[in-house]
Amino acid sequence: MTEENELHPVTALLLKRVATHPEEICDGRWDWVLAEIVKNGSEAERIAVEPVVRKLKLDGVYQRFMRELLAPEQPDLFDDVDL
C-alpha cells in the first residue's frame, strides 16, 4: 500500500474492534467514529469501512425484523375495557 492508501490508526482500530464486537456497530455505539471516517478519511478508508459496516448494519436490521415477525408485540386486550 502506498502512503495515501494506508489506513489512519482510527480506521484500523475501528475495523479491529468491529471484528471482535460487531454488536457495537449494530447498536450505533461507533456511529460518530464512522461519520468522521466518511467525512474526513481517505477514499481507501471509506472503501475499507463501508462494506463491513453495511453488512453489520443490515444484519442487525434483519435480526430485529425477524424477531418482530416471529414474536410481534401483542396488544393489551384490556386497553378499551372499563372495569
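Given the condition within 13 Å of the chain's Cα centre (by Cα), surrounded by 13 or more Cβ atoms within 10 Å (Cβ to Cβ) and among the aliphatic types (A, V, I, L, M), answer yes or no: does some residue in the range 53-70 qualify?
Yes; the residues of the range 53-70 include at least one that is within 13 Å of the chain's Cα centre (by Cα), surrounded by 13 or more Cβ atoms within 10 Å (Cβ to Cβ) and among the aliphatic types (A, V, I, L, M).
Looking only at the range 34-43, count how many residues are surrounded by 11 or more Cβ atoms within 10 Å (Cβ to Cβ) and at pLDDT below 95.
Number satisfying all stated conditions: 2.
What is the residue count in the range 8-32 for residues that are aliphatic (A, V, I, L, M) and open to solvent by 60 Å² or more (accessible area, probe 1.4 Å)?
3
Which pairs have Cβ atoms under 9 Å, sit 6 or more apart or on different chains, and link a residue in the range 62-83 that is within 26 Å of Asp27 (Cα to Cα) to one that is at pLDDT below 90?
Close Cβ pairs (under 9 Å, with a partner that is at pLDDT below 90) amount to Gln63/Cys26; Arg64/Cys26.
The values are calculated or read from the model by the stated rules, or taken from the named source; none is laboratory data. Computed from a prediction, not measured in an experiment: that's the story for all the values here. Virtual Cβ from ideal backbone geometry, glycine too; neighbours counted across all protein chains shown. Ligands, DNA and RNA are excluded from the accessible area calculation, which covers all protein heavy atoms including side chains. Shrake-Rupley method; radii C 1.70, N 1.55, O 1.52, S 1.80 Å.
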